[in-house]
1. Using 0.36 nm per residue of separation minus the Cα-Cα distance, give me the extension gain between Ile85 and Val61 in nm, one decimal.
2. How high is the relative contact order of the chain? Use alpha-carbon pairs under 8 Å, at least six apart in sequence, and give a whole percent.
3. Need the full-extension length gain, Ser47 to Phe107, defined as separation in residues times 0.36 nm minus the C-alpha distance. One decimal, nm.
4. What's the angle, to the nearest 10 degrees (0 to 90), between helix 15-38's Cα axis and the longest principal axis of the chain?
5. Which of Ile75, Ile91 comes first, and how do the rest follow, when ranked by fewest Cβ neighbours within 10 Å?
6. Could you tell me how many degrees, from 0 to 90 and to the nearest 10, lie between the Cα long axis of helix 43-59 and the main elongation axis, the longest principal axis, of the Cα atoms of the chain?
7. May I ask you to derive the FRET efficiency for Val27 and Ile78 from their Cβ-Cβ distance with R0 = 22 Å, giving the value to the nearest 0.05?
Amino acid sequence: MTDATAHADTQHHPIKLYLAVWGWLFVLSACSYLVDYIGVQGLLRWSLIILFMMLKAGLIVAFFMHMKWERLTLIYAILLPPLLILVFVGIMIYEANYTLLTRVVHFAGGA
């Protein structure tokens with residue numbers, strides 16, 4: 001296979017697609033900064049910041065790392081482990097809150 005044939009088989013994406021993704025990344029970053037600028041506090045602040053962060057990471061992985069055009073098995077192999085880690089972290093947070101509650105109830109009742 002010559003270089004010309006190999007080059008012809010590659011997939012090219014229009015620059016308009018990448019510019020649109022850059023635009024969305026800019027908008028999501030601006031929204032993330034607005035959360036701090038407006039002064040949102042508490043759980044809502046962190047939820048919004050994490051939401052914008054995950055959306056930006058998803059766009060970067062999908063388009064700039066070309067995961068959008070990969071096979072489904074490769075996508076599962078790369079994206080499923082971090083998703084499972086997030087689920088396990090959620091389970092650990094729930095268990096930690098339960099443990100703290102039982103300790104507070106137990107030690108407060110004995111005083």
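Derivation of every value follows stated rules applied to the coordinates shown; laboratory data play no part. Since this is a predicted model, take the numbers as computed values, not measurements. Positions of Cβ are backbone-derived with ideal geometry, glycine not excepted, and every protein chain shown enters the neighbour counts.
1. On the way: separation 24, 0.36 × 24 = 8.64 nm, distance 1.78 nm.
Between Ile85 and Val61, full extension yields 6.9 nm more.
2. Details: 22 pairs, mean separation 21.8, N = 111.
Relative contact order of the chain: 20 percent.
3. Working: separation 60, 0.36 × 60 = 21.60 nm, distance 3.24 nm.
Length gained between Ser47 and Phe107: 18.4 nm.
4. 20
5. On the way: Ile75 15, Ile91 10.
Fewest-to-most Cβ neighbours within 10 Å comes out as Ile91, Ile75.
6. Roughly 20 degrees, rounded to the nearest 10.
7. Values: r = 26 Å, r/R0 = 1.16.
With a Förster radius of 22 Å, E is 0.30.
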